[in-house]
1. Quick one: would you say His279 is touching a Leu at 6+ places or on another chain (Cβ under 7 Å) and either under 29 Å from Gly78 (Cα atoms) or in the same structural domain as Thr532 (by TED's automatic domain parsing) (or both)?
2. Within region 514-528, how many residues are crowded, with 23+ Cβ neighbours inside 10 Å and either under 23 Å from Pro428 (Cβ atoms) or within 6 Å of the ligand (Cβ to nearest atom) (or both)?
3. If I ask for residues that are within 16 Å of the ligand (Cβ to nearest atom), assigned to a strand (DSSP E or B) and acidic (Asp, Glu), which ones from region 533-565 would you list?
4. Can you tell me which residues in region 422-440 are within 12 Å of the ligand (Cβ to nearest atom), surrounded by 24 or more Cβ atoms within 10 Å (Cβ to Cβ) and either part of a loop (DSSP other than H, G, I, E, B) or on the phi > 0 side of the Ramachandran plot (or both)?
5. From the residues in region 620-647 that are of a type in the set (Gly, Ala, Ser) and closer than 29 Å to Ser575 by Cβ, which one is nearest to the chain's Cα centre (by Cα)?
6. Does Ile631 satisfy being among the hydrophobic types (A, V, I, L, M, F, W, C) and touching a residue at least 60 places away in the same chain (Cβ under 8 Å)?
7. Considering region 400-412 alone, what residues qualify as being out of contact with any Phe, Trp or Tyr (no Cβ under 7 Å at 6 or more places or on another chain) and either within 16 Å of the ligand (Cβ to nearest atom) or among the hydroxyl-bearing types (Ser, Thr, Tyr) (or both)?
8. Select, from Gly315, Gly311, the only residue that is surrounded by fewer than 24 Cβ atoms within 10 Å (Cβ to Cβ) and in contact with a Gly (Cβ under 7 Å, 6 or more places away or on another chain).
Amino acid sequence: MSKNIESHQIEDRVFLPADEFSRKARISSLAQYKKLYKESMEKPGVFWGREAKELLWHKPWSKVLEWKAPFAKWFVGGKLNVAENCVDRHACGERANKAAIIFEGEPGDKRVITYAQLRRDVCRFANVLVNNGIKSGDRVLIYMPMIPEAAIAMLACARIGAVHSVVFGGFSADSIVDRLEDSGATTIITADGGWRRGKIIPLKENVDSAMEKFTHIRKVIVYQRCGNPVIMAPGRDVWWHEESVKVSSTHKAKYFDSEHPLFILYTSGSTGKPKGILHTSGGYLTGTYTSFKYVFDIREEDVYWCTADVGWITGHSYIVYGPLANGATQVMYEGAPNQPDFGRFWKIIEENGVSIFYTAPTAIRAFIKAGDHFPANYDLSSLRLLGSVGEPINPEAWMWYHQKIGGGRCPIVDTWWQTETGSIMITPLPGCTPLKPGTATLPFFGVDAAILDETGRECKANEGGKLVIRKPWPAMTRTIYGDKARYKKTYWSDYEGIYTAGDGARCDKAGNFWIVGRIDDVLNVSGHRLGTAEVESSLVSHPAVAESAVVGRPDEIKGQGVVAFVTLKESHSPSEALRKELRDHVGKSIGAIAKPDAVYFAPALPKTRSGKIMRRLLKELVSTGDISGNITTLDDITVLANLKASMTS
Ligand code: PRX
């Protein structure tokens, strides 16, 4: 039975967990949450030490935390093998024949991989990596579809101490080049292709184009997924299946230092090229293991499904490391949510008895638009818990998710976190936290979140400011790969010894955090970060473009859409064909996700006297159609009329 308190004002709606849910939950009351939270703040060594001990360590740590801001070391001196914790630990025990991954390909092919089978697959592929000359510390780029082999490749790297860098399969060849150059990877694991909306994404072909520009690749291991023809360079390119039969399915794990690098994941920043966010082993595993356990309150009989792609941090932390470290059963789906129609997700939930479903607001909005009849056609009664991640969830979308998908009975965990934080930071705990649509609610254990104003003063209730974290946490990024200075400047320079997330937020009287969105020049398109500077650089690299400014505008489905203002070189003139060419150019150099929804040709961009583009004015123009903000610093006022005209031509 639900104890929901409802009032007529949307902001005041509070949803309390049902008694039945709370009774079974690990954390079943706010008092219990507060007690553990207090311990995690006052005695982090005790709290995190206890959690980490639930994992398998080859050598115990001597100290839980060594903190020389902004550089943290967790579980100092400890040694472990991350893959052994995610796979062998279960494969050798009662979970040996439990399903680890229930896979469904977009064309409808299905596979169930037990923990025992996963162990054989990971061990075999670890041997393949070793056989192909890959050693501990080497960087390996993974560019795969959403198939179990993506997780197997990541775990095999972890098993031998190689550092994986997964590139989302929707990114282009040029994005691969940037990541190869920065990480210095010499091995690529890919597939011939992957299925998406009934078409084959030519992954190997994209890798081939990237290798024309980056020539240091020694080995490319190709998994055969779609059977599309590919060119294999003798000596360099090898087939996954052919290499696999040459090696055994057992592999003796080696043990690595708790601070051994586990992976680099690239994410957009406000300036320049994507940043290589580095995560290490013991702390990251403890953070993802613990948060997954409490936030999803995972049970032996649960069937969990996270719809993210392994190419994003959500896929790393809450498809691969968190769930597998907990010995969970999960669904993995390769394709699009609307293939063949918008009922696909609900069909997967019905057929597999999914009990925990974790997705993004952008997907929820697309489902709302598609129509209620899609979910209504399926039996969703197996669901007991829902999750949301990637951007603020609008209260209306929250309500729809709660009613139409959760049948009014499932708590929703709105989880705030980032590539850099590694694990969930602000979130309800489903058995105890009163939920309000639109807020990620309270800090997770060990997370000292606060809202500060420009001077470093803590904001009062409901006063907006910058979201910060004041204490280190186990899964935090250790640095930007190869660029400590940028790491310090980006996250630790606003306030001494304090992590700045780059998000604006406010905290209500009950201590709930309401995230407003990014405060830097970073867009959030469909729950994914995109730097405006990256899209601008791409546009300027086109021969017709002299200058460009990119801003976001509110978008019903995607959260934000990309809008580009472009000034052409004298030798070129605006045309529809050029507009399309520029959109495709961005798609080719970054990926389809970055393609501008609109390209406006402007004779000049609004600038300050010192030449800085006033994006603030452009943002206002694209969202309201007019400019009423302060224009006193604008160098040339005539620019504005031309800009407005550009939007209608
Ligand atoms: O702006 C916040 C938004 O997504 C950003 C992090 O993006 P990324 O590193 O790509 O990771 C996304 C998946 C963890 C944050 O700075 N964001 C993420 N989750 C939420 C959110 N905004 C509001 N509410 C959330 N639950």
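1. The answer is yes for His279.
2. Counting residues in region 514-528 that are crowded, with 23+ Cβ neighbours inside 10 Å and either under 23 Å from Pro428 (Cβ atoms) or within 6 Å of the ligand (Cβ to nearest atom) (or both) gives 1.
3. Asp555
4. Gly422, Ser423, Ile424, Met425, Thr427, Pro428, Thr439, Ala440
5. Filtering first and then ranking leaves Ser623.
6. Taking the combined requirement at face value, the residue does not satisfy it.
7. Those that are out of contact with any Phe, Trp or Tyr (no Cβ under 7 Å at 6 or more places or on another chain) and either within 16 Å of the ligand (Cβ to nearest atom) or among the hydroxyl-bearing types (Ser, Thr, Tyr) (or both): Tyr401, His402.
8. Gly311
The values are calculated or read from the model by the stated rules, or taken from the named source; none is laboratory data. The structure presented is a predicted model; accordingly, all values stated were derived computationally and were not measured. Positions of Cβ are backbone-derived with ideal geometry, glycine not excepted, and every protein chain shown enters the neighbour counts.
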